[in-house]
């Protein structure tokens, strides 16, 4: 976490959290979701209007990545100074890019090591690491297929709906709030 963020948290410890305004899609892209977008539907729903505006500013994306984490309840967030901005996840908290040497690199540029792999009913491939569960980026499926064929990865079958509970994450922190 950035030092400036830690200092802001110490200076203003009681800033309320923010829900529904930031989303992470299955390709590791961040989306800003204003009030109108949130009213259009959930981030992970079938309505593309629920996505919001994809962030493209490289320094902002890097700042979010450096300050991305999770709480004890499995809700992922971006610590924006003193304010915690909970993230709506399309699929999983991490999106993995595969490295030629067998390593994994997250959408936030963090390196991780393979522990296990899972394939869901839609054929999506997930990898569990010391950082948590993530989806393999669609552009890296050819390399993942090679590793499965070589026996380096042995994916187990799973149902996508069971992954959040099994791996301790919340897809929609906003939806998990009491009514």
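Yes or no: region 103-112 includes at least one residue that is over 21 Å from residue 68 (Cβ atoms) and in contact (Cβ under 8 Å) with a residue 40 or more places away in the chain. No: region 103-112 contains no residue that is over 21 Å from residue 68 (Cβ atoms) and in contact (Cβ under 8 Å) with a residue 40 or more places away in the chain.
Once region 62-102 is narrowed to residues that are under 18 Å from residue 114 (Cα atoms) and modelled with pLDDT of 95 or more, the residue that is farthest from the chain's Cα centre (by Cα) is 98. Just one of (1) in a loop (DSSP other than H, G, I, E, B); (2) surrounded by 18 or more Cβ atoms within 10 Å (Cβ to Cβ) fails for residue 101. It is (2).
Could you check how many residues of region 40-77 are assigned to a loop (DSSP other than H, G, I, E, B) and without any contact (Cβ under 8 Å) to a residue 24 or more places away in the chain? Let's see the steps before the verdict.
Let us first name the residues in region 40-77 that are assigned to a loop (DSSP other than H, G, I, E, B), namely 41-47, 51-52, 55-57, 67, 71-75.
Now narrow it down to the ones that are without any contact (Cβ under 8 Å) to a residue 24 or more places away in the chain: 41, 45-47, 56-57, 71-72.
Number satisfying all stated conditions: 8.
Just one residue in the set 20, 28 is on the phi > 0 side of the Ramachandran plot, part of a loop (DSSP other than H, G, I, E, B) and crowded, with 18+ Cβ neighbours inside 10 Å; that residue is 28.
Does residue 177 meet the test of being at pLDDT 95 or above, in contact with a strand residue (DSSP E or B) (Cβ under 8 Å, 6 or more places away or on another chain), in a loop (DSSP other than H, G, I, E, B) and outside the structural domain of residue 29 (by TED's automatic domain parsing)? Here the answer is no, as residue 177 does not meet what is asked. Consider residue 95 against the criteria (1) closer than 22 Å to residue 23 by Cα; (2) part of a loop (DSSP other than H, G, I, E, B): it satisfies all of them except one. Which criterion is unmet? Failed condition: (2). I'm trying to understand the selection: among the residues of region 155-165, which are in a helix (DSSP H, G or I) and surrounded by 13 or more Cβ atoms within 10 Å (Cβ to Cβ)? Scanning region 155-165 gives 160, 163, 164.
The values are calculated or read from the model by the stated rules, or taken from the named source; none is laboratory data. None of these values were measured; they are calculated from a predicted model. Note: ideal-geometry Cβ built from the backbone for every residue, glycine included; neighbour counts use all protein chains shown.
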